[in-house]
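The values are calculated or read from the model by the stated rules, or taken from the named source; none is laboratory data. Only a predicted model underlies this, so the values are computations on that prediction, with no experimental measurement involved. Here the Cβ positions follow ideal geometry from the backbone for every residue, glycine too, while neighbour counts run over all protein chains shown. The protein model used for the area step is the full one, side chains on, heavy atoms only, and it has no ligands, DNA or RNA in it. Shrake-Rupley method; radii C 1.70, N 1.55, O 1.52, S 1.80 Å.
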Amino acid sequence: MRWRTTLRLPKEHGAYAMLYVPFLLGVLVAGDLSGRLWLLLLSVTALFISRESLLVWWRARSRGRKAIGARRLLTIYLGLTALGGALLLFCWQLFWLLPLALVGGVLLLINGKQAVRLEERTILGEVLAICGLTLTAPAAYYVARGVWESTALWLWALSALYFASSVFYVKLRVLSLHPQRQQDRRRVWQHCAFYHSFLFVSLLLLAFTGSLHLFALIAFAPALGRAFWGLLNPARQLNLTRAGILEIIYSLMFLIFVTLSFR
């Protein structure tokens, strides 16, 4: 669409889920629909959208070119981010947003630098991007509650771990369709197996020691199930529409059961 190109909106549909599902999770667990959440939503959305303009401007600058339109949009988006953040800081004294914004900004710059070098599609690059996107969970929880609590970090950790699962799984599915890349597939298979085994054992221990409610383990069940199935049954074809619908369902289950585990 022309307006999407004009506004330089992100093209990765999965990234929207990684941004807004944790945000909604933070709101639901906090149990408060305070009006200041709209300011936070404006701020994080503007920062998220600014990435595309940042990349266009950064790439042009590295090649000695000018990207006036991208720079203008970048300034507008960052201005909206700063406006929303400043109102939250000075009107409601939500100063714990500062370290969250600092971490998010650093991760955005790292991801931008990787993208300019065409390195953002590595596992490390994608996981770092997910860590930045899922910061909306602790931010929304903190803004809704008005006080900083350890629950905010739990929500961030669970959101980042859940969405990082898709990085390993998708890479495994894609490489399974390319038999000529057996060495790459073997390496990704090992990474996927290690990550999901570690995730399953960790969640199991946390659930049975009482650190996490059993609902949290149920929240990860679909993602863990699809990963282990993919490890044992290499894909012969990839239906993107079906995969997208399933990911939406899995994300909703994650949202519902993690919310229940903290309520």
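Looking at the range 139-146, is at least one residue at pLDDT 95 or above, touching a Phe, Trp or Tyr at 6+ places or on another chain (Cβ under 6 Å) and either open to solvent by less than 10 Å² (accessible area, probe 1.4 Å) or part of a helix (DSSP H, G or I) (or both)?
yes
For S150, indicate whether it is closer than 20 Å to L203 by Cβ and touching a residue at least 60 places away in the same chain (Cβ under 8 Å).
When the stated conditions are applied, S150 does not pass them.
Go through the range 189-226 and report how many residues are in contact (Cβ under 8 Å) with a residue 40 or more places away in the chain and aliphatic (A, V, I, L, M).
Of the residues in that region, 6 qualify.
Considering each residue of the range 174-201, count those that are hydroxyl-bearing (S, T, Y) and open to solvent by 60 Å² or more (accessible area, probe 1.4 Å), and give that number.
Here the count works out to 0.
Within the range 84-112, count every residue that is touching a residue at least 40 places away in the same chain (Cβ under 8 Å) and closer than 30 Å to L175 by Cα.
Residues that pass the stated criteria total 3.
Of all the helices (runs of 4 or more DSSP H) wholly in the range 1-93, which have at least 2 residues that are within 21 Å of G105 (Cβ to Cβ) and open to solvent by 60 Å² or more (accessible area, probe 1.4 Å)?
By residue number, 13-30, 36-62, 68-92.
Tell me which of these G210 doesn't satisfy, since it passes every other one: (1) at positive phi; (2) part of a helix (DSSP H, G or I).
Result: G210 fails condition (2) only.
Hey, can you tell me all the residues within the range 94-115 that are surrounded by fewer than 16 Cβ atoms within 10 Å (Cβ to Cβ) and either in a helix (DSSP H, G or I) or among the hydroxyl-bearing types (S, T, Y) (or both)?
Scanning the range 94-115 gives L98, P99, L102, V103, G105, V106, L109, K113.
For the range 116-138, name all the residues that are aliphatic (A, V, I, L, M), at pLDDT 95 or above and open to solvent by 10 Å² or more (accessible area, probe 1.4 Å).
If the condition is that a residue be aliphatic (A, V, I, L, M), at pLDDT 95 or above and open to solvent by 10 Å² or more (accessible area, probe 1.4 Å), then L133, L135 are the ones that fit.
Tell me yes or no: at least one residue of the range 166-173 is farther than 10 Å from G26 by Cα and either part of a loop (DSSP other than H, G, I, E, B) or open to solvent by 60 Å² or more (accessible area, probe 1.4 Å) (or both).
Checked against the condition, which is being farther than 10 Å from G26 by Cα and either part of a loop (DSSP other than H, G, I, E, B) or open to solvent by 60 Å² or more (accessible area, probe 1.4 Å) (or both), the range 166-173 yields at least one hit.
Note down all Cβ pairs under 7 Å where the first residue falls in the range 241-263 and is more than 15 Å from A15 (Cα to Cα), the second is open to solvent by 80 Å² or more (accessible area, probe 1.4 Å) and at pLDDT below 95, and they're at least six residues apart or on different chains.
S261/H213
How many residues does the range 183-235 contain that are closer than 23 Å to L255 by Cβ and in contact with a helix residue (DSSP H, G or I) (Cβ under 7 Å, 6 or more places away or on another chain)?
23
So which of L217, L153 ends up being closer than 23 Å to M18 by Cβ and either open to solvent by 80 Å² or more (accessible area, probe 1.4 Å) or outside any helix (DSSP H, G or I) (or both)?
From the options L217, L153, the qualifying one is L153.
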